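Taking it in order: structure first as structure tokens, then the write-up.
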Amino acid sequence: MCGIIGYAGKNNAADVVYKGLKRLEYRGYDSAGAAFMLGGKITVIKKEGKVETLAQYLNNVSADIGIGHTRWATHGKPSDINAHPHSAGAITVVHNGIIENYSELKERLISDGADFLSDTDSEVAAHLINEFYKGDLTAAVAQAVKMLKGSYALMAIRAGESKIVAARYKSPLIVGYGNGENFCASDEPALAGICEKVCVLEDGDIAEITADGVNIYNGNLQLVIRSVLPNLAVSESLGLGDCPHYMLKELREVPQSVQFTHKAFYGVEEKLKSALSGVNRVIFTGCGTAYHAALIGKRYVESFARIPAEAETAGEFRYKNPVFGAGAAVFAISQSGETADTVEAARLAKAGGAKVVAVTNCLRSELTRIADVVVPVAAGVEICVAATKSYTGQVAALYLCALTLAGEDIGGWRGKLLLKMPELCKKAVESIDAGALAQLCASARGVYFLGRDIDYAVAVEGSLKLKEVSYIAGEGYPAGELKHGTLALIDGKTVSIFIITDGGLAGKTENAVEQVVSRGGKAAVITNVDGVEERLKDKADYFIKLPECDKYLSPLVSAVAVQLIAYRTAVMLGRDPDKPRNLAKSVTVE
Ligand code: BG6
């Protein structure tokens, strides 16, 4: 997803905007740009490639107003000309979102004489604002956004007007308050250490930001009041520390993610209990890694509460005209709380009369404004595009949600098992050496992750993680399905990684290991079940030992193993695990 940042104030806008763009890099991007105004004149600098590319052009720039943009291409390939900002006349704009009706608007604007330079949808916004401008930028923006369909978080400036006008609809945007300076950005990390007070704009809001203050209006330009909140992102926690990558740093933070999420749950337990009373069917939904947590949530509810449960990817769920019925609850799982498909799935569920529970790491996100109850994941800011600590936090939260649905006391024996997990996660992070297995994966033609029941849910997560950060093809598969297809792919150039944490199913999965090995495939086993390694010692090539724990809580340690394998393989291949190609931290557009 794109990221935008704006500044109006007494310091040099070039410094503030550049720092902000560096903070926004984690969202995933392919180009970056900025526009600066001083003495009524606007300078635009925009380039394909990394934010650092801009640095050389900023050395002599001093300005009191600036807007910046990291672009994750949706319409128009990554290029200098398609990078933001986009200008029309004296108007310059940055935009995060998708303007779904841009083609018809562009056609009309061109027929009225507009001269388009880029292939982007966003440039339409600049031309519309320019067309509506009659001396007041705020009014022009208010009129222009009424024409837009889709989603936008945008900022506009105009030569000669010392303000930034921002607008948001279905794309995140906050304003930040300083002393003699004010800010606007896509998220709180962009302003971490820069300003302490923020305000989350709501859909339809239009904000006027100057050095002296911020005014927020609704679409009819009536002033509205929005809460001023502390900036939850703290710059100290955003550094890499002694880690080479955020992915490793955040894997090391898995123990506290589980621990703090457990603690945070006590604050929401009663509200969740009353919201879920009478629920007789549960649907878990999310995207990417959050969907894999959904698969585990489903098994928890079926096992502990004996209530029918299903897990659906949000992109499928929201378009299948789902049946809710009385007694349905939908758990929308999302690290960012801004993923378009998950947010819209939650909106659909709400409209369908279901109880909506948000399970998210971002407590001021759009998803939290839709849900009846918000169950916090307390993982802290997650910078790496690939989710790790937020996933384990989600699993811990879902475990507690399922206990609550089952009417169990979360301080009971199952809750006590969870209390032990942070220590076992720490042991896993510190003891697992995935180097040799990563070496094997790095040169494999395909890597397959296999498991049964809950181990299958972690197998698909392992496969996604490896694909995300190392770009190696592969698949996560139910071990019982191996002989129905994937076995045809197995040969000496493939690696099959088996997850075995359920003693009751171990023998079945050990058979699958034999099937792979007898066809020349390389095999690795991740397990904490006694006897497995002994029985397979002459078959499998590698073993990763997990700390022993209850089988339902095993994903908290087996996920660490598969995510470490992915991380080590990516680094071995010289990939950047934090900013994998083509991917974004959260896809806020459809
Ligand atoms: C992808 C991220 O863009 O979105 C994944 O790269 C993530 O890591 C997925 O799992 C869903 O994001 P979220 O914020 O809804 O959990």
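The values are calculated or read from the model by the stated rules, or taken from the named source; none is laboratory data. Just so it is clear, the model here is predicted, and its values are computed rather than measured. Virtual Cβ from ideal backbone geometry, glycine too; neighbours counted across all protein chains shown.
Some observations on this one:
- Whichever residue in region 305-336 is in a strand (DSSP E or B) and within 28 Å of E250 (Cβ to Cβ) and, among such residues, is nearest to the chain's Cα centre (by Cα): S334
- Residue in region 536-547 that is out of contact with any strand residue (DSSP E or B) (no Cβ under 9 Å at 6 or more places or on another chain) and away from the ligand (no atom under 16 Å from the Cβ) present: yes
- Residue match in region 401-421 (condition: surrounded by 19 or more Cβ atoms within 10 Å (Cβ to Cβ) and either in contact with a Pro (Cβ under 9 Å, 6 or more places away or on another chain) or of a type in the set (D, E) (or both)): yes
- Evaluating K467 against the criteria (1) touching a residue at least 12 places away in the same chain (Cβ under 8 Å); (2) within 16 Å of the ligand (Cβ to nearest atom) leaves one unmet condition, (1).
- Restricting region 353-366 to residues that are touching a residue at least 40 places away in the same chain (Cβ under 8 Å) and touching a Phe, Trp or Tyr at 6+ places or on another chain (Cβ under 8 Å), the residue that is nearest to the ligand (Cβ to nearest atom): V359
- Condition met for A211 (part of a loop (DSSP other than H, G, I, E, B), in contact with a strand residue (DSSP E or B) (Cβ under 9 Å, 6 or more places away or on another chain), at pLDDT 95 or above and among the hydrophobic types (A, V, I, L, M, F, W, C)): yes
- Condition met for L58 (over 22 Å from the mean Cα position of the chain (by Cα), farther than 27 Å from A140 by Cα and not small (G, A, S)): yes
- Among the candidates A83, A90, A63, the residue that is farther than 19 Å from A8 by Cα and of a type in the set (A, V, I, L, M) is uniquely A83.
- When I472, I526 are screened for being touching a residue at least 40 places away in the same chain (Cβ under 8 Å) and under 23 Å from Y391 (Cα atoms), only I472 passes.
- Of all residues in region 1-37 being of a type in the set (S, T, Y) and within 16 Å of the ligand (Cβ to nearest atom), the one that is nearest to the chain's Cα centre (by Cα): Y26
- Number of positions in region 16-34 that are of a type in the set (A, V, I, L, M) and out of contact with any helix residue (DSSP H, G or I) (no Cβ under 9 Å at 6 or more places or on another chain): 1
- Qualifying position, being touching a strand residue (DSSP E or B) at 6+ places or on another chain (Cβ under 8 Å) and either crowded, with 24+ Cβ neighbours inside 10 Å or of a type in the set (S, T, N, Q) (or both), among S443, S470, S431: S431
- Test for E533: is it surrounded by fewer than 17 Cβ atoms within 10 Å (Cβ to Cβ) and over 27 Å from the mean Cα position of the chain (by Cα): yes
Okay, residues lined up against (1) surrounded by 20 or more Cβ atoms within 10 Å (Cβ to Cβ); (2) within 16 Å of the ligand (Cβ to nearest atom):
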position: H292; (1), (2): yes, yes
position: A305; (1), (2): yes, no
position: P308; (1), (2): no, no
position: E316; (1), (2): no, yes
position: K320; (1), (2): no, no
position: F331; (1), (2): yes, yes
position: S336; (1), (2): yes, yes
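- Evaluating S518 against the criteria (1) surrounded by fewer than 17 Cβ atoms within 10 Å (Cβ to Cβ); (2) within 16 Å of the ligand (Cβ to nearest atom); (3) among the polar types (S, T, N, Q) leaves one unmet condition, (2).
- From the list A340, A275, the lone residue that is within 16 Å of the ligand (Cβ to nearest atom) and small (G, A, S) is A340.
- Unique residue being at pLDDT 95 or above and farther than 27 Å from L564 by Cβ when the list is L223, L248: L223
- Odd one out for A159 among (1) in contact with a helix residue (DSSP H, G or I) (Cβ under 7 Å, 6 or more places away or on another chain); (2) touching a residue at least 60 places away in the same chain (Cβ under 8 Å); (3) farther than 27 Å from T339 by Cβ: (1)
- Flag if N182 is under 27 Å from I383 (Cα atoms) and either out of contact with any His (no Cβ under 8 Å at 6 or more places or on another chain) or modelled with pLDDT under 95 (or both): yes
- Within region 490-590, helices (runs of 4 or more DSSP H) holding 1 or more residues that are within 27 Å of G288 (Cβ to Cβ): 503-517, 555-572
- Helices (runs of 4 or more DSSP H) contained entirely in region 234-286, each with at least 1 residues that are within 28 Å of A354 (Cβ to Cβ): 254-265, 269-275
- Just one of the listed residues (P577, P555) is within 16 Å of the ligand (Cβ to nearest atom) and within 30 Å of S186 (Cα to Cα), namely P577.
- Of all the listed residues (K46, K41), the sole one being among the charged types (D, E, K, R) and surrounded by fewer than 23 Cβ atoms within 10 Å (Cβ to Cβ) is K41.
- For V234, the conditions (1) farther than 30 Å from K320 by Cβ; (2) out of contact with any Ser or Thr (no Cβ under 6 Å at 6 or more places or on another chain); (3) surrounded by 16 or more Cβ atoms within 10 Å (Cβ to Cβ); (4) β-branched (V, I, T) are fulfilled apart from (3).
- Of the residues making up region 303-314, one or more are within 20 Å of G337 (Cα to Cα) and charged (D, E, K, R).
- Which numbered condition K146 fails, given (1) surrounded by 14 or more Cβ atoms within 10 Å (Cβ to Cβ); (2) under 23 Å from I98 (Cβ atoms): (1)
- Tally, over region 367-423, of residues that are more than 25 Å from N280 (Cα to Cα), outside any helix (DSSP H, G or I) and within 13 Å of the ligand (Cβ to nearest atom): 9
- Unique residue being free of Cβ contacts under 8 Å to residues at least 40 places away in the same chain and among the β-branched types (V, I, T) when the list is I65, I110: I110
- Matching residues in region 113-129 - criterion: being under 34 Å from the mean Cα position of the chain (by Cα), in contact (Cβ under 8 Å) with a residue 12 or more places away in the chain and closer than 16 Å to G89 by Cα: L117, S118, S122, E123, V124, A125, A126, H127, L128, I129
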